[in-house]
1. Rank-order B:197-204, B:359-366, B:249-256 by packing density, defined as the average count of other C-beta atoms within 10 Å over each peptide's residues, highest first.
2. Apply the Karplus parameterisation 6.51 cos²θ - 1.76 cosθ + 1.60, with θ equal to phi minus 60°, to every residue of the stretch B:348-354 and state each ³J(HN,Hα) to the nearest whole Hz, in sequence, with x for glycine and proline.
3. Kindly express, to the nearest 10 degrees and within the range 0 to 90, the angle between helix B:159-183's C-alpha long axis and the longest C-alpha principal axis of chain B.
4. log10 I(q)/I(0), Debye, Cα-only chain B, no solvent, q = 0.11 Å⁻¹?
5. Indicate the gyration tensor shape class of the protein assembly as shown (rounded, prolate or oblate), computed on the Cα atoms with a ≥ b ≥ c the square roots of the eigenvalues: a/c under 1.5 is rounded; otherwise a/b larger than b/c is prolate and the rest oblate.
6. Mind checking the dipole of chain B: about its Cα centre, +1 per Lys or Arg Cβ, -1 per Asp or Glu Cβ, Debye to the nearest 20?
7. Could you run the Karplus curve 6.51 cos²θ - 1.76 cosθ + 1.60 with θ = phi - 60° over the stretch B:246-263 and give me ³J(HN,Hα) per residue in whole Hz, x for Gly and Pro?
8. Restricting to Cα pairs below 8 Å that are 6+ residues apart, what does the relative contact order work out to for chain B? Please round to a whole percent.
Amino acid sequence: MGEIGAEVAAKIAEKEYNVKVILSGSKTGPDSIITLNNELAVFEAKSSKNMSELVRNFRDAEKQVKRRDKAGIAVSVYIEKETGFFECKHKYVPGSSSKVNRYEGEEP
Amino acid sequence: MTEITHKANDGFILKVTKLLESITGKPYRISGKQDSKGVVWRVYIDREKLSLSDRLSLNKGAKGVEEGEDGTIRVYSDNLLDITDLASDYDFHFRDADVLLDRKNWEEYRREVPRLIAELEVAEGIANDLNKKYDTKIKLWSGEKPYLETSFDARGMNEGEKLKEIERHARIMLKARERVDEWVETVGAEMYRKMERSRMKMIKFRDDVISRLQDITNSEYGSGYNTTLLSGILWSVVGWNDKKNFNTNRGVWYVKETKEGIAIFSDNFETINAQNELEYNSIKLMGGVTAGDYEARIDDIFSSYDDVNERGWNISRPITQEEAMKYGRKTVISPQILEDVAKQISKEFKVNIQVMKDKPVLMTEFQTKGLKQQEKASEIERRAKALAEAWARIKELSKGAEDTKA
């Protein structure tokens, strides 16, 4: 994601979830490793320049957290470069969950 | 934070830290234990100690240095990009975020995400160029968040030799990253601008469609994306549930344009009486399928619902099997009722509304050849009104028709 977007997303997570977001030292994996509820968790963020992509990106960030098999925070931000206006969505995604089988739909 | 017990001597690791700091002018830290699986030690840039402007202007060529258990020392860059982000700019979604690890796949994806493939090729080209010049082994890792890495066999080296090689490799990695960044800021930026210009018309049109649909149904909509190569979809719009006002009209839930025409789909009528996201997603978990539903293509997305926990946090709560059984009550709509309403509405609104063959979903489509954007938008609006009316009528008819077997 854009670096400004990443910084904004990190600030949002820090404010809303009382965590410190620091860039992970690893080469692969989440955008950041954080400590949440005294446990290691992940931080995944997305930013967009189009408001209509905010929700889609939020789903992507949530999906990335889930893929890590750890609890974490997903953040999606929309930033209007010219005015600095921004909109965000964020949530805490718990770790491993009980999964239920379901039928997957097909494209019509 | 617990520090790892280094097999290497702590004094040496500190020397590596100081060396990197002297080369880059930025602070480094020694990795914590939890961060260092499979490595003896790792040192990486300490962003926490940097100001915002320093973080933004950082040369990220030498993000970290680590020694593996096999005696190999690696110098690696920060991630060049996140392929899911770049793909998102093209309305494309990678089902497998590591698919580009196999170079053979690059050509296939070039048409969908040209700027992304170009950047990977440039990064790899720079790596090869520098390898020739400096006899290094810089490699591009092209998975979900690509990065450059160089390595050397440090077995049998004394500390002084190791430090010398680390310095040499770190300096070359800084050069590599500088060249990649230069490309991103010039050629890459121009590619992005061109892409933006060509997409702007579509984005404006899509936003116009979203605005019209919102006025008709009061539902929320966002942009969708393609998940398959050469899908032929020019743009798409998908509905999403607004937590505050769940009970909106979902007569229009997915719209897509291809070269041939525009198709509009309703949500699954089995979900018509769902009162909240828990019920809605439980129905999906119990087999409710939405035609063309973007969400249905995202693994696990229905396995949780949004809630607020005791700390006031927005939380994604997993739906248990018991909850899915309890709340996943589909509304059974007889195919005959769907057919009758579709016919009725088709006649009243002078559009052709059809029931999908295998799903309780209504759809309508029209060809776009020769239509101007304004005409397309008006036609979408006209048909969306028809689908919204069908949803409203079926909702009225379906009250109390829940599947008691679910």
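Every read-out reported here was derived from the displayed coordinates using simple, explicitly stated rules and does not represent laboratory data. On a predicted model such as this, the values are computed, not experimentally measured, just so you know. FYI the Cβ positions are ideal-geometry reconstructions off the backbone, even for glycines, and counts take in every protein chain you see.
1. Working: B:197-204: 12.1, B:359-366: 22.9, B:249-256: 26.5.
Going from most to least packed, we get B:249-256, B:359-366, B:197-204.
2. Karplus values, whole Hz, x for Gly and Pro: 5, 9, 6, 9, 9, 9, 10.
3. Roughly 40 degrees between the two axes.
4. -0.92
5. Values: a/c = 2.63, a/b = 1.87, b/c = 1.41.
It comes out prolate by the Cα gyration axes.
6. On the way: 68 positive and 72 negative charges, 150 e Å.
It comes to approximately 720 debye.
7. In residue order, the calculated couplings are 5, 7, 8, 7, 10, x, 10, 10, 8, 10, 9, 10, 10, 4, 7, x, 10, 10 Hz.
8. Details: 671 pairs, mean separation 47.6, N = 406.
Relative contact order, chain B: 12 percent.
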